[in-house]
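Asks: My structure is below; once you've seen it, I'll send some questions.
The values are calculated or read from the model by the stated rules, or taken from the named source; none is laboratory data. If you're wondering where the values come from, they're calculated on a predicted model, not measured in any experiment. All Cβ positions, even for glycine, are placed from backbone atoms using ideal geometry, and neighbour counts span all protein chains on display.
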Number of protein chains: 2
Amino acid sequence: MNKMHKNASKKLKIVLDVSKTVSSTLDLDTVNDLILKKAIWALGTDHASLFLPDDSGKHLMLRAAKGFTKYEMSNLAILESWERINLQVARSKKPIIVNNLKSHAIFKKEKLPFSKKELPLNSFLSVPLMAKKNQIVGVLIVSNKKGHPNIFTKSDKELLMTLGNHVSIALLNAKLYKGLEDLFISTIKSLANAVDAKDPYTRGHSERVMRYSLAIAGKMELSEDFMKWLKLSSLLHDVGKIGIKDAILGKEAKLSMDEVKIMQQHPIIGINIVSSIIGSERIVRGISDHHEWVNGKGYPKKLTGDKISLEGKIIAIADTFDAMTTNRPYQKKFTSKEACLEIARNINTQFSPEVTRAFMRSFSEENHIWCMPSDLNR
Amino acid sequence: MNKMHKNASKKLKIVLDVSKTVSSTLDLDTVNDLILKKAIWALGTDHASLFLPDDSGKHLMLRAAKGFTKYEMSNLAILESWERINLQVARSKKPIIVNNLKSHAIFKKEKLPFSKKELPLNSFLSVPLMAKKNQIVGVLIVSNKKGHPNIFTKSDKELLMTLGNHVSIALLNAKLYKGLEDLFISTIKSLANAVDAKDPYTRGHSERVMRYSLAIAGKMELSEDFMKWLKLSSLLHDVGKIGIKDAILGKEAKLSMDEVKIMQQHPIIGINIVSSIIGSERIVRGISDHHEWVNGKGYPKKLTGDKISLEGKIIAIADTFDAMTTNRPYQKKFTSKEACLEIARNINTQFSPEVTRAFMRSFSEENHIWCMPSDLNR
C-alpha cells in the first residue's frame, strides 16, 4: 500500500513537472521539442516522436522526433508499418503498445529498403493527443524502452496517456498563438502590398525588404525579439506613402524639386500613422530612419552615425538593394552583384559599416555570388 | 508514513487539476476567473482575489475577486490594511498568513468607514505569483477559511505557493496572447485610419463602423468567434479605397457617372487586397457585401436577401449610419435619431429586417434615444 502510494506520488510529480515545462512557452517549435524531451525523460526511452497535422491541417504526419541519428531518421521516415500503426492510433483514438515490431502482422508484410538490423526501433508506445470535443491534435510516440525488462507496460501506457492530456493543452495553446501571429503578419503583408501597388514600380517591394532585413539581422545575430519588431518595421517602412498623392507616387517622369520634397515626407507620415500602435516606438525607428545616411546627408532628420537606429540602418540597405535590383523609372537596373558592390562603395557615407558587412556576408552566402567585406579593402 | 504519502498524493492531484484547468484557455478574463474558482475549491475558503498590474503595467491593484457580495466588494475595495499587506507580499516576494486581521498592527491603525461587523474578511493567505526571472505577475489571495479549525496553516501556504507557480504560467501565456491581439488590432486600426484620412470627410470612419457593427452583433447574440472576424472585417471594409485615385477619393464636387463607377470598385479592390490573408474568407464577406441591398439594387454584385452575408448586412447599416451622422460633401448631416429612423425606413429595400431591428435596439439603449423596432409598425 505504502509503495503503491509512493509510486502514485512519483508519477504525479512527473506529470506535474512535464505539464509545467511544456506550458512555459507559446513558441510552437519549442513546445514540440519540450514534449519530446520530457516524454523520453518520463518514460525512460531512447527516442520520442510526434505526428502532427501538416500545413493543410488535414493530415497527420511525422513532424518532430528526438533521439534518433540522422541515418535512423531517414530509415524511420520510410518505415511504413510504423507510420500505419501510428495513424491507426489517431483514427481509433486508442493507445497502442508494440513490444516487438518484427513480429507485428503489419510489419511482416513490409518490404524494407534497408537490412532488418538497421531497423530504427523495435518497440514503441503510441498515444493519441486529444483536445476538447475529442478532436485529435497529434500522436505522441516513445520508442525503445531502456533497462530491464525493456518492454512497455500498462503502467507506461497510463502515464503517457496522462502526460498526453497535459501536453495537448500546451500544444493547442501554442498553435493558437502561432495562428494569431500568422494572421497578423499576413494581414500586414497584404496591406503593405496594397501600398506598394500604388506605384507600379514597387510591387512586392515591402515583402522583399522584410526578407533582406531579416537576413541581415540574422547575420548580426540579433535577438528574436529584435527580429520580431524588425519584421513589422520593415514591412511597414513605406506605409507613409498612403499619404502621398498618387499623381506624385505613380509619376513616370522625373519628379520636380517640390515633388521630391513631398515624397521625402513619407517617413514622417509613416511615423504619424503607426504612432497609435501599441509598442509603436519599436516600429517607428525603422520607418523614421530608413532614408538617413551615416554622414548626415539623408532625410528627413539628417541624423548622423550613432543617432540613426539599428533598424533604420538595416532597412536602409535592404531598401536600396531592392530599389537597385528592380525596374525603376529613371534608373538603370543593377545585377544583384553590382548592387551589392555599389552598396559596399557607399559604406561610411550612406551606410553603416557594421550593417554593410553583415549584408555582404548574407548576400554572398544566399546567392553564392562573391561580394565579401574583404573586397572593401582592395 | 502511509497517510503522509496519501496526503501528498491528494495535494499533487489538486495541483494537477488546477494546472490543467487554468491552462485550458488563453482568454485572460477566463483565466483570471478560473484561477479564483480553483483557489477557492483547493483551499476550501469563502473567497479569493487577485492583484494584477493596472493598464500601465506599473502598479498592482485588486483586479478580480470571487465569492464576495456586492456590498462586501465595496467594503473590500476601501480596506486599506488588506491592500497594504498584499502589496507587501508583492514587494517582499514572500507569502503572508493573517489569521485575525482585527489584531494585525496595520489594521489597528486603520479608520474604517464601515462597522467592524461588516469587515468583508477576517483571515487570509496571500502568495506572490512569480514568472521567470523572479518577476512578479500578481498576488493571489484566499480568504475566510471554512471548517474547523478555520485558520490558514503552513500546509495551506505551501499548497497555494505551488498552485501559484502553475497559475502564473497560465496567466503569463494569456497575457502574451492578449498582448499580440492588442498589437494586431491597434496596427489594423492605424492602417484603416490612414486609409480613411485619404478623404478628409471620412476621418475615423472605419473605427466607428467597427464599434457600431460590434454593437449590432452584440444585440444579435452572435458568437465570440463571429465577433472577432467581424471586428477585422468592419475595420477593413473600406480598405479597397487604397486603390482608388485620390483625385476621385478626395473630390469635393459631385462625382461624374464614370467616377462613381470607379468608386464603386472599392469592395472588389478590397477583396483582392485581403485575399492573401490567412482565413481571408471570414474577412472578405463583410468587405465584398457592405454596399449590397437586400432588394438587389446595391453594388458591386447586386446580390439579394439571403445571398448577402450577415457580415455585409451588419456593416452596411453601421456604414450608412456613420455616413449620415458625419459631415459629407453633397449630403445634409442627420442627427443620430434622424439617421436611425432613416435606416428603419429603408428596411426590406436596402437593409435586412433582422439586422435593422438589432441596430435599432442597440441604438436606443446606447443613446437613450427612442428609435425602436415598434416604430416600424406605425
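Asks: For A:Y177, all conditions in the list (1) more than 10 Å from every other protein chain (Cβ to nearest Cβ); (2) hydroxyl-bearing (S, T, Y); (3) in contact (Cβ under 8 Å) with a residue 40 or more places away in the chain; (4) under 30 Å from B:I169 (Cα atoms) hold save one; what is the number of the exception?
Replies: Only one criterion is unmet by A:Y177, namely (1).
Asks: Quick check on this structure: which one of A:S19, A:S24 is touching a helix residue (DSSP H, G or I) at 6+ places or on another chain (Cβ under 7 Å), closer than 30 Å to B:A131 by Cα, of a type in the set (S, T, N, Q) and free of Cβ contacts under 8 Å to residues at least 12 places away in the same chain?
Replies: Selected residue: A:S24, the only one of A:S19, A:S24 that is touching a helix residue (DSSP H, G or I) at 6+ places or on another chain (Cβ under 7 Å), closer than 30 Å to B:A131 by Cα, of a type in the set (S, T, N, Q) and free of Cβ contacts under 8 Å to residues at least 12 places away in the same chain.
Asks: Considering only residues that are within 25 Å of the chain's Cα centre (by Cα) and either hydrophobic (A, V, I, L, M, F, W, C) or at pLDDT below 95 (or both), which ones fall in the range A:297-338?
Replies: A:L310, A:I314, A:I315, A:A316, A:I317, A:A318, A:F321 - these are the residues of the range A:297-338 that are within 25 Å of the chain's Cα centre (by Cα) and either hydrophobic (A, V, I, L, M, F, W, C) or at pLDDT below 95 (or both).
Asks: Check A:G240 against each of (1) touching an Asp or Glu at 6+ places or on another chain (Cβ under 8 Å); (2) within 9 Å of chain B (Cβ to nearest Cβ) and name the one condition it does not meet.
Replies: Result: A:G240 fails condition (1) only.
Asks: Restricting to the range A:130-165, give me the number of residues that are within 14 Å of chain B (Cβ to nearest Cβ) and touching a Ser or Thr at 6+ places or on another chain (Cβ under 7 Å).
Replies: Number satisfying all stated conditions: 3.
Asks: OK, next. Test of understanding: among B:K66, B:K11, which residue is among the charged types (D, E, K, R) and under 27 Å from the mean Cα position of the chain (by Cα)?
Replies: B:K66
Asks: A further question follows. On the given criteria, is A:V139 part of a helix (DSSP H, G or I), assigned by TED's automatic domain parsing to the domain that holds A:T30 and crowded, with 20+ Cβ neighbours inside 10 Å?
Replies: no
Asks: Within the range A:311-323, does at least one residue satisfy the condition of being under 21 Å from A:I287 (Cα atoms), surrounded by fewer than 20 Cβ atoms within 10 Å (Cβ to Cβ) and among the small types (G, A, S)?
Replies: Yes: one or more hits.
Asks: Do we find that A:S190 is outside the structural domain of A:I317 (by TED's automatic domain parsing), closer than 19 Å to B:A194 by Cβ and of a type in the set (G, A, S) in this structure?
Replies: yes
Asks: How many residues, within the range B:95-126, are assigned to a loop (DSSP other than H, G, I, E, B), among the charged types (D, E, K, R) and in contact (Cβ under 8 Å) with a residue 40 or more places away in the chain?
Replies: Final tally of qualifying residues: 0.
Asks: What are the pairs, 6+ residues apart or on separate chains, where a residue within the range B:340-353 that is assigned to a loop (DSSP other than H, G, I, E, B) has its Cβ under 7 Å from a residue that is charged (D, E, K, R)?
Replies: Listed pairs, sorted by first residue: B:S352/B:K313.
Asks: Determine, yes or no, whether B:M227 is in a helix (DSSP H, G or I), among the aliphatic types (A, V, I, L, M), over 23 Å from B:T325 (Cα atoms) and under 20 Å from the mean Cα position of the chain (by Cα).
Replies: Yes.
Asks: In addition: Within the range A:187-201, restricting attention to residues that are more than 10 Å from chain B (Cβ to nearest Cβ) and without any contact (Cβ under 8 Å) to a residue 60 or more places away in the chain, which residue is nearest to B:I271 (Cα to Cα)?
Replies: Taking the candidates together, the pick is A:D196.
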